[in-house]
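Peer 1: Got a structure for you, questions after.
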Amino acid sequence: MRWALVKVCLAVTAMVVVAFAVPLGLVVKEMARDRALTAAERQASAVGPALAITTDPDELERAVGATEAGAEGRIAVYVPGNERRADDVDIGQPRASRGDVTDVSKSGRARLVPAVGGHAFLQPTAVDSGRVAVVEIFVPDGELTNGVATSWAVLAGVGLGLIIGSVAVADRLGMRMVRPAERLAGAAHELGEGKLEVRVKESGPAELRSAAAAFNSMADQVVQLLASERELAADISHRLRTPLTVLRLNAASLGDNPSAEQTRQAVAQLEREVDEIISAVREQKNVRSQHQHQHSGEEASAAPAAAVGCDISEVTKERMAFWSALAEDECREVRIAGVERGIRVPVGRSEMAAALDSMIGNVFRHTPEGTAFSVDIHDAGNAVIMLVSDAGPGIEDPAAAMERGRG
């Protein structure tokens, strides 16, 4: 589109320059010719008063020599004879043919005739009754075209400057139109590659600004939808694990018959499938993440509840690895403390993971994106404290929040 605009502007400007420069160049040439002829006519008129006074050759030679053209040898005078002087009087070096001089003398009209090296301007002048002298002014070719070459060069330079200027302006306008379109196309490709933060600067013509605004709005909606889906995927963790835990506990109390064992296996398989679904959804939506996270805990969640307990530090690191992708997407700073050494607690691994997932899920649901949070594990000897804290705005009405679940 940019080069098409440049070509159109180049063609239009070239036609305009030709349409104006060619006639103007011809006018300049004609003006130079008219100027030379006017000067020749003025030189011929300067000899007219001398012819009106005398036709004596010596006097005429002195009068002709006193003029500028006569001093340069460009004036010749022809005076026909009469009764008192039968011979014709010729002053100077004539360049026109005798026939042209005779024709001008008989017709009484000035004429420009070709001559060697230029043209001869023949001006008739009446000297007495019945006689018409002819004054010849030689006009070199250079005078007929004096200044024409310079004027044409100026016109050509102006025309070339107009063409170059129009091309430059068209190129700038084309860039102004093409660059926003290229940025929009590039942003669309980047968004298709999963770079959800890409946005387009709204610049250029009104149509392209409208397209850029529509693209940015679409990208914002895509990010919002993906964020909602990621939050939903993360929320599935504690929404599904709680009923599954109840089912597993109930299955554990059924005894040791084949039906009970089959039920326990079905519950364990269901827990593994839920974990696999959560992992798949998270990996699909976190296309910006550069690391593949390994999800463990499927086998541990299938174990009976229990009295064997688990390592709270290991569970915390595992679940924080799970949530780190979503935290990275939402630009949340995460800190973990107290997990440098193993700490055993008398709580099953799946229950501990479900409790931690529930608390971290609340952080993501009830705080804005970019809010930092931390998980601290503290071994007090006779108690182990897990503290999940965030930098959110807090609860607007703590008293009302404490009333939940009562009654």
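The values are calculated or read from the model by the stated rules, or taken from the named source; none is laboratory data. Given the structure is predicted, the values throughout are model-derived calculations rather than measurements. When we count neighbours, we look across all protein chains shown, and the Cβ atoms used for this are built from the backbone with ideal geometry, even at glycine. Just so you know, the surface numbers come from the protein's heavy atoms only, side chains and all, with ligands and any DNA or RNA stripped out. Shrake-Rupley method; radii C 1.70, N 1.55, O 1.52, S 1.80 Å.
Peer 1: If you go through the range 95-144, how many residues are among the β-branched types (Val, Ile, Thr) and assigned to a helix (DSSP H, G or I)?
Peer 2: Final tally of qualifying residues: 3.
Peer 1: Give me a count of the residues in the range 1-26 that are in a helix (DSSP H, G or I) and open to solvent by 70 Å² or more (accessible area, probe 1.4 Å).
Peer 2: 13
Peer 1: Which of the residues spanning the range 311-331 are part of a loop (DSSP other than H, G, I, E, B) and either open to solvent by 20 Å² or more (accessible area, probe 1.4 Å) or farther than 30 Å from Leu225 by Cβ (or both)?
Peer 2: Residue satisfying the conditions is Cys331 alone.
Peer 1: When the range 321-337 is examined, which residues are found to be in contact with a helix residue (DSSP H, G or I) (Cβ under 9 Å, 6 or more places away or on another chain) and modelled with pLDDT under 90?
Peer 2: Phe322, Trp323, Ala325, Leu326, Ala327, Asp329, Glu330
Peer 1: Does Arg42 satisfy the criteria of being part of a helix (DSSP H, G or I), more than 60 Å from the chain's Cα centre (by Cα) and exposed (fewer than 15 other Cβ atoms within 10 Å of the Cβ)?
Peer 2: Here the answer is yes, as Arg42 does meet what is asked.
Peer 1: Taking the criterion of being surrounded by fewer than 18 Cβ atoms within 10 Å (Cβ to Cβ), among the acidic types (Asp, Glu) and modelled with pLDDT of 90 or more, would at least one residue in the range 338-346 satisfy it?
Peer 2: yes
Peer 1: Taking only pairs six or more apart or across chains, which ones have beta-carbon atoms under 7 Å, a first residue in the range 358-383 that is exposed (fewer than 13 other Cβ atoms within 10 Å of the Cβ), and a second residue that is basic (Lys, Arg) and assigned to a loop (DSSP other than H, G, I, E, B)?
Peer 2: Every condition considered, the pairs that remain are Gly370/Arg332.
Peer 1: Restricting attention to the range 171-179, does a residue exist that is open to solvent by less than 90 Å² (accessible area, probe 1.4 Å), at pLDDT 80 or above and not in a loop (DSSP other than H, G, I, E, B)?
Peer 2: No, the range 171-179 has no match at all.
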